[in-house]
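The values are calculated or read from the model by the stated rules, or taken from the named source; none is laboratory data. The shown structure was predicted, so the numbers you read here are calculated from the model rather than taken from an experiment. Please note: Cβ atoms are built from the backbone with ideal geometry, for glycine as well, and neighbour counts cover all protein chains shown. Side chains are part of the model used for accessible areas, which takes the heavy atoms of the whole protein and leaves out ligands, DNA and RNA. Shrake-Rupley method; radii C 1.70, N 1.55, O 1.52, S 1.80 Å.
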Amino acid sequence: AIVLDTHTVDLGLDLAAATTLEVGGTPWQLEAWDGGNPGGHHREGELTFSATGPTDGTAVLTITGLPEVVEATWDLGGG
């Protein structure tokens, strides 16, 4: 789930094209974006990825196309 709120920039980016997920250093394939249309200052929805690599280790979600790159990192355990 993704929630973006801002009062300084328009959120007109294509979130599906601007978001990547790597788990254990391996990119996962984006399946779908189910959420708000581009534009405005508030957007939310859900990104769905296919596990095309390991399902443990460090997960890194990256969103580009904003004034600064947004990156979230979490540990899925294992390795």
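Examine the range 40-50 for a residue that is β-branched (V, I, T), open to solvent by 40 Å² or more (accessible area, probe 1.4 Å) and more than 13 Å from I2 (Cα to Cα), and state whether such a residue exists.
At the first step, the residues of the range 40-50 found to be β-branched (V, I, T) are 48.
So of that shortlist, the ones also open to solvent by 40 Å² or more (accessible area, probe 1.4 Å) come out as 48.
Filter once more, keeping what is more than 13 Å from I2 (Cα to Cα): none.
No: the range 40-50 contains no residue that is β-branched (V, I, T), open to solvent by 40 Å² or more (accessible area, probe 1.4 Å) and more than 13 Å from I2 (Cα to Cα).
Restricted to the range 26-39, and to residues that are open to solvent by less than 70 Å² (accessible area, probe 1.4 Å) and out of contact with any strand residue (DSSP E or B) (no Cβ under 9 Å at 6 or more places or on another chain), which residue is modelled with the lowest pLDDT? Before the answer, list the steps.
First, pick out the residues of the range 26-39 that are open to solvent by less than 70 Å² (accessible area, probe 1.4 Å): 26, 28, 30, 32-33, 35-36, 39.
From what is left, the residues that are out of contact with any strand residue (DSSP E or B) (no Cβ under 9 Å at 6 or more places or on another chain) are 26, 39.
Values: T26: 95, G39: 87.
Looking at residues that are open to solvent by less than 70 Å² (accessible area, probe 1.4 Å) and out of contact with any strand residue (DSSP E or B) (no Cβ under 9 Å at 6 or more places or on another chain), I get G39.
Taking V23 as meeting all but one of (1) in contact with a Gly (Cβ under 8 Å, 6 or more places away or on another chain); (2) open to solvent by 60 Å² or more (accessible area, probe 1.4 Å), write down the number of the exception.
(2)
Against the condition surrounded by fewer than 16 Cβ atoms within 10 Å (Cβ to Cβ), of a type in the set (A, V, I, L, M, F, W, C) and within 27 Å of G77 (Cα to Cα), how does A17 come out, does it pass? I'd like the intermediate steps shown before the answer.
Values: surrounded by fewer than 16 Cβ atoms within 10 Å (Cβ to Cβ): yes; of a type in the set (A, V, I, L, M, F, W, C): yes; within 27 Å of G77 (Cα to Cα): no.
For A17, the condition - surrounded by fewer than 16 Cβ atoms within 10 Å (Cβ to Cβ), of a type in the set (A, V, I, L, M, F, W, C) and within 27 Å of G77 (Cα to Cα) - is not met.
Please enumerate the residues belonging to the range 9-44 that are in contact (Cβ under 8 Å) with a residue 24 or more places away in the chain, out of contact with any Leu (no Cβ under 9 Å at 6 or more places or on another chain) and outside any strand (DSSP E or B).
Result: D10, G12, D14, G25.
Quick check on my filter: what residues within the range 51-69 are farther than 20 Å from T26 by Cβ and surrounded by 13 or more Cβ atoms within 10 Å (Cβ to Cβ)?
G65, L66
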